[in-house]
């Protein structure tokens, strides 16, 4: 569903999503817009299914345009073919040539004129009713959802919307047939409606975060909006800082004071935070940074997805600064991975970067309720005053590399925490032995930690492996299932823990693999270079890569797997 800003495209798509959920279906709802702050063109991309969905589909089966203002800018993101249907209001302009020549069937729906027949009627509700009728979604359920949203707030708007939905559904009866929603098998399980950004914020709270300082930035702002409301309810604090430099330093300060802390940003903000993350690494102060990646470099494409912050997240700190980098592999996984990130940061007293992206963060899904993961980050601290005469060694060279951290005010446990190299007590030092000892300590606490099976998603079997991460995982999983139906077996290896690397467990995951297909949304192939640089891979490696904003679709991976399986 697409149209100009103010046409109500996103509202109608959200209603469609909610109605599908009410009826027992699963869904994925992504949005695309230009770089403008308000107004301009917008597209809502919705996929509905009786089964959970985690990826966009190969083609657009129904394209409905409330108007055509600059919609041609989305042509590459909305692939059409001869089986597609374009629904257009003839009073709102011609179908753009680039879309008309796709061979899609074009049908007319006078949305604006039909809306005028209803006092307070809106074209987007006409559109909602027409789409529901075409795909076989109960119009009564749509009206029920409208009631939940509007009835108590504005009775007149509710009545007008219901009338418009019914009029749109009636008009759709003469449009011919389209692909219908599949039948549901049995009673639907309990499900959630959630975005990746909401899930990440919830994971942070569940992980024990009680302080957040952040500066709004697309496409991470929804994390901050959620935390600004949620943290006070659990005794936490949220601060909107003046910029990203202040944000990260406030979080380091909050963590130094004993509160598990988090901030959220995107690529330009992460660049500004790098120096402070180096100080957190040197001072062994835990902090979590969620980077919801967008198109770069520089300001780039703020509203589109990309996986091009991998290099800076892994290698951006100057000096040898070992730190944690993790990445969720679905919208729902944003919850678990962010909760895990807090756990890892607190347990190892190390900064952790969570690499999400716009496609995960700002898309909404109807998904099965996830399992409630029990871990909460528990920092090793000094719990009582030291005996008189005993010297507190904040950076004691322990076997695990983790040393007890004193909360300010603990008697006898004062220490210096800054970016200078230091002795075990925290006294600044430029001696080679102290530097070597502390470097080994900071690395050892990461490489020696037990990460368990959460380090990656490893599924399937076969001598072909699809290696991907983040928002590419859903398309890869669907493609592997299609390939299996065609007689080509492949396994999925999607690292969730990107740093530190795990060569031993990766070798086990790759056992028996002869060919690797690396899939990523990066123009330079950053993930491919990372894998080749950090792991031993089979000799035959193929790539599917490109920069944003076009998502990698299941059919691209499926086709390549079939050719690799010959």
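Just so it is clear, none of the values below were taken in a lab; they were calculated from the coordinates. Computed from a predicted model, the values in this text were never measured in an experiment. When we count neighbours, we look across all protein chains shown, and the Cβ atoms used for this are built from the backbone with ideal geometry, even at glycine.
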Handout entry: Computed E for residue 486/residue 148 - FRET, C-beta separation, R0 41 angstrom, nearest 0.05
Key = 0.45
Practice task
Figure the gain on full extension for residue 411 and residue 51 (residue separation times 0.36 nm, minus the Cα-Cα span) and round it to one decimal in nm.
Solution key: 123.8 nm
Problem - Sorted by Cβ density within 10 Å, fewest first, the residues 218, 54 - result: 218, 54
Fill in the blank from the handout: Cβ density ranking, 10 Å radius, fewest first, applied to 561, 78 yields 78, 561
Practice task
Diagonalise the Cα gyration tensor of the chain and give the resulting equivalent ellipsoid semi-axes, square root of 5 times each eigenvalue, largest first, whole Å.
Solution key: 47, 28, 20
Practice task
For segment 256-288 and segment 107-141, write down the distance between their C-alpha centroids in whole Å.
Solution key: 49
Handout entry: Two-site FRET efficiency, residue 228 against residue 311, from Cβ-Cβ distance with R₀ of 22 Å, rounded to 0.05
Key = 0.10
Completion exercise
Rounded to 0.05, the calculated FRET efficiency for the beta carbons of residue 101 and residue 443 at R₀ = 41 Å is 0.10
Fill in the blank from the handout: If the chain between residue 454 and residue 320 were fully extended at 0.36 nm per residue, the gain over the current Cα-Cα distance would be 45.7 nm
Completion exercise
Answer check: segment 331-467, Cα atoms, Kirkwood Rh, Rg/Rh ratio of 1.09
Practice task
Would you work out the relative contact order for the chain, in percent, from Cα pairs under 8 angstrom that are 6 or more residues apart?
Solution key: 12
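Would you mind putting 137-148, 93-104 in packing order, based on average other-beta-carbon counts within 10 Å, highest first?
137-148, 93-104
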Problem - segment 193-368 - Debye-derived log10 I(q)/I(0), Cα point model, q = 0.11 Å⁻¹ - result: -0.37
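Just round it to a whole percent: the fraction of Cα-Cα distances in segment 380-449 exceeding 15 Å. Present the calculation step by step, with values, prior to reporting the outcome.
Details: 1328 of 2415 pairs.
The share of Cα pairs beyond 15 Å in segment 380-449 comes to 55 percent.
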Practice task
Would you list the P(r) distribution for segment 51-129, with all Cα-Cα distances sorted into 10 Å bins from 0 and each bin expressed as a whole %?
Solution key: 18, 45, 28, 9
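Taking the Cβ of each residue in 546, 496 as the centre, tally the other Cβ atoms inside 10 Å and list the residues starting with the fewest.
Arranged by neighbour count, lowest to highest, 546, 496 become 546, 496.
Taking 8 Å as the Cα distance limit and 6 or more residues as the minimum spacing, I'd like the relative contact order of segment 193-368 as a percentage. Don't skip to the answer; put the middle values down first.
Details: 408 pairs, mean separation 55.4, N = 176.
The normalised contact order for segment 193-368 reaches 31 percent.
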Handout entry: Gain upon complete extension [residue 529, residue 374; 0.36 nm per residue less C-alpha separation]
Key = 52.3 nm
Problem - Pairs of Cα atoms farther than 19 Å apart, segment 512-566, % - result: 31
